[in-house]
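Trainee: So that we are looking at the same thing, I have put the structure below in structure tokens.
The values are calculated or read from the model by the stated rules, or taken from the named source; none is laboratory data. All figures in this text were calculated on a predicted structure; none of them were measured in a lab. Reconstructed Cβ throughout: ideal geometry from the backbone, glycine too, with neighbour counts over all protein chains shown. These accessible areas exclude ligands, DNA and RNA; they are computed on the full protein's heavy atoms, side chains included. Shrake-Rupley method; radii C 1.70, N 1.55, O 1.52, S 1.80 Å.
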Amino acid sequence: MPPAIELVGISKDFTGHVRAVDDVSLAIEAGHLVCLLGSSGCGKTTLLRIIAGLESPSSGRIMLEGRDITDLPARERNMRMMFQDYALFPHMSVAENIAFGLTIGPARRRLPKADIQARVERYLDMVQLGPQRDRKPHALSGGQRQRVALARALATEPPVVLFDEPLGSLDAGMRRSMQGELRQIHAELGKTFVFVTHDQEEALSMSDRIGVMSGGRLLQYGSPEDVYKRPESRFVAQFLGRSNFLAATVQTAEPGVARLALLNASCIVAGRADLHPGQRVTVMFRANHAVPAGSAPPGALHVEGLATQRRYFGDYAEHTLRLASGEQVFLQTPPDAAIVDGMLRMAVPAARLNVLVD
Amino acid sequence: MLASSRGFPRATFARMSPQMRLKAIWLLPPAAWFVVFLLVPYLITATYSFGHMQSYRYVPGFSLANYARIFTTAPYSGAIAQSAEIGLLTAVFSSILAYPVAMVMAFRVTRAAARSALYLLVILPWWASYLVKAYAWKTILGPHGILNSLLLSLHVVESPITILLYNTASVVLTLTYIFTPFAVLSIYASLERIPASLLEAAEDLGAGGMEIFWRIILPLSVPGLLAGGVITFALGFGDFVAPALLGGADTLMISTIMINLLGVANDRPLASAIGIIIVILAFLLIGVMGWAERRVTVRI
């Protein structure tokens, strides 16, 4: 089975601007929920609009289920987009909005009236808007509008649905419940969903695959666990979670095991083919992976430094530490972690250390 | 707040909060303007309309004879009908001409500078005097005008044709030419408010250009069409210069009758009655349009 969407070397230059999308290649498996993650201006929305056909790429090809659709206009691509501002038609009721995609094109290609009716009913039910069917969009709450937009995008039952920051304008509570609902709808329909978001938590909790973007480039594409646990670059590590970076030197590199020198100590980590003795690398670890020094497993990296700032978050506290090497790290500790003479001692298990070769 | 009602507003004013007082003070000048220059003249006109003339002198009274005369005398009621017809034709043709221009300005031209230039082109004719523009059409359509010279030189006609001028068509043509910018700006204002994402969403859902126009753009621009229609209708209805310059013997518009009644016949009561009828018609029109707009207007 070919990938639902395949991008081959997609680039986009806007006249007078820098390159918005820079040589992105990507294969999205059918039925996956994929998040394109990045901060604003990273090119993720432009990439989504290129997939939708609302923007044409400067170079590269787009395939939908193995068929080249690069030159097809948006209306002939079999995908639907849910817009960030929902783009509901203000003069149409909820039901008319949902029916719109089913009531256009030549009459002979449309569904029979009764089928359209049934389809609209089905998606009204799915988003629980049956009672609001005759309301106009302005008489709906933000969450309800969002559901109309979702139902409208789904009603034509395209194999691929695109979402541009779909939950961006909802408050935190609504966001969480919509995330759950979207996942459930995705599981029910088994269609390919492509999201654009800047919210790493959303990306991690919802997706089958995450594509991290920056400066128009796709930096890493993989499962949430993969991208979180094994970031391939400093940017990805920094973007997902609170990360620390320490300079290290490779002492020995055997197959399966490598020894690194850092913080006046040495540490054994899993070996990698791209490490060789004397090489300068960066060791990354998450702020929340530190454990109290006393309960650290053997071989852990001990981190000791001057606690310069403490932020309390209820279940834990986050400290800013200045190390003897002059480097600065952020560590999450139990709220009652002992600070002796202004110094805090924590440890990071060796398994939590990530070697980045920049 | 008027001089005629003393104690009550002063007591109200004393009970107001400082902010309310400030608002009341700010509202006073426009309110006074409205009363002195609109309400009072209307009342004076209404009072006149119930009297009559006797031996070239105005005799006050309370009679509806003037109104009865207007509705039963063919030239008067006919002139109101013809004015309405010309106003309506002006509104229809102006809107039809204006819509594509407004579409281009709102959707096709994306560069700000180009859009400003187009905007300027639309309002540029207003820099020329109304009279000059009306005369210009007289020269274009006249027996020795540009159009006839062209037709003669192309040997389409052997002698100048006279059917071009001095009829309802030439009046409507001139009024449409002069008032179309109002319709353009009014339609443009409502098109411009349609978010681009709506058009993209329609396209994304499979709609072609014509479907997007009929099902999204046109319905959402109805308020602008109505507003432009009311303005061009009112301007065409009450116009005096174009019918006087380009109208024929059969073009009898209400403004011409008014001039005659006031200037020649010196029948101010009858002229006042016509004036009041026009004001009532105007309010009816605005009421109907307001109702229609509330029915179709949606918040974007």
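Trainee: I'd like to know if region B:260-269 contains one or more residues that are assigned to a loop (DSSP other than H, G, I, E, B), away from every other protein chain (no Cβ under 14 Å) and out of contact with any Phe, Trp or Tyr (no Cβ under 8 Å at 6 or more places or on another chain).
Mentor: yes
Trainee: Something else now. Select, from B:271, B:183, B:242, B:196, the only residue that is at pLDDT 90 or above, over 21 Å from residue B:293 (Cα atoms) and open to solvent by less than 10 Å² (accessible area, probe 1.4 Å).
Mentor: Only one candidate passes the filter, namely B:271.
Trainee: Determine whether residue A:210 is touching a helix residue (DSSP H, G or I) at 6+ places or on another chain (Cβ under 7 Å), open to solvent by less than 20 Å² (accessible area, probe 1.4 Å) and in contact (Cβ under 8 Å) with a residue 60 or more places away in the chain.
Mentor: Spelling it out, residue A:210 is indeed touching a helix residue (DSSP H, G or I) at 6+ places or on another chain (Cβ under 7 Å), open to solvent by less than 20 Å² (accessible area, probe 1.4 Å) and in contact (Cβ under 8 Å) with a residue 60 or more places away in the chain.
Trainee: Among the candidates B:32, B:79, B:106, single out the residue that is open to solvent by less than 40 Å² (accessible area, probe 1.4 Å), at pLDDT 90 or above and assigned to a helix (DSSP H, G or I).
Mentor: B:106
Trainee: Taking only region B:184-209 into account, find how many residues are within 10 Å of another protein chain (Cβ to nearest Cβ) and part of a helix (DSSP H, G or I).
Mentor: Residues flagged as within 10 Å of another protein chain (Cβ to nearest Cβ) and part of a helix (DSSP H, G or I) within region B:184-209 amount to 10.
Trainee: For region A:57-86, which residues satisfy the criterion of being part of a loop (DSSP other than H, G, I, E, B), under 30 Å from residue A:23 (Cβ atoms), in contact (Cβ under 8 Å) with a residue 40 or more places away in the chain and not charged (D, E, K, R)?
Mentor: A:57, A:58, A:66, A:78, A:83, A:84
Trainee: Exposed (fewer than 15 other Cβ atoms within 10 Å of the Cβ), within 9 Å of chain B (Cβ to nearest Cβ) and among the acidic types (Asp, Glu): is that true of residue A:76 in this structure?
Mentor: Taking the combined requirement at face value, the residue satisfies it.
Trainee: Does region A:301-358 hold any residues that are assigned to a loop (DSSP other than H, G, I, E, B), closer than 17 Å to residue A:286 by Cβ and not acidic (Asp, Glu), and which are they?
Mentor: A:313, A:316, A:334, A:337, A:349, A:353
Yes or no, residue by residue, for (1) in a loop (DSSP other than H, G, I, E, B); (2) away from chain B (no Cβ under 11 Å):
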position	(1), (2)
A:134	yes, yes
A:146	no, yes
A:149	no, no
A:152	no, no
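Trainee: Let me ask something else. Whether any residue in region A:124-132 is within 12 Å of chain B (Cβ to nearest Cβ) and not in a helix (DSSP H, G or I) is what I want to check.
Mentor: no
Trainee: Residue A:170 - would you say it is under 30 Å from residue A:37 (Cα atoms), within 14 Å of chain B (Cβ to nearest Cβ), in contact (Cβ under 8 Å) with a residue 24 or more places away in the chain and open to solvent by less than 40 Å² (accessible area, probe 1.4 Å)?
Mentor: No: the conditions fail for residue A:170.
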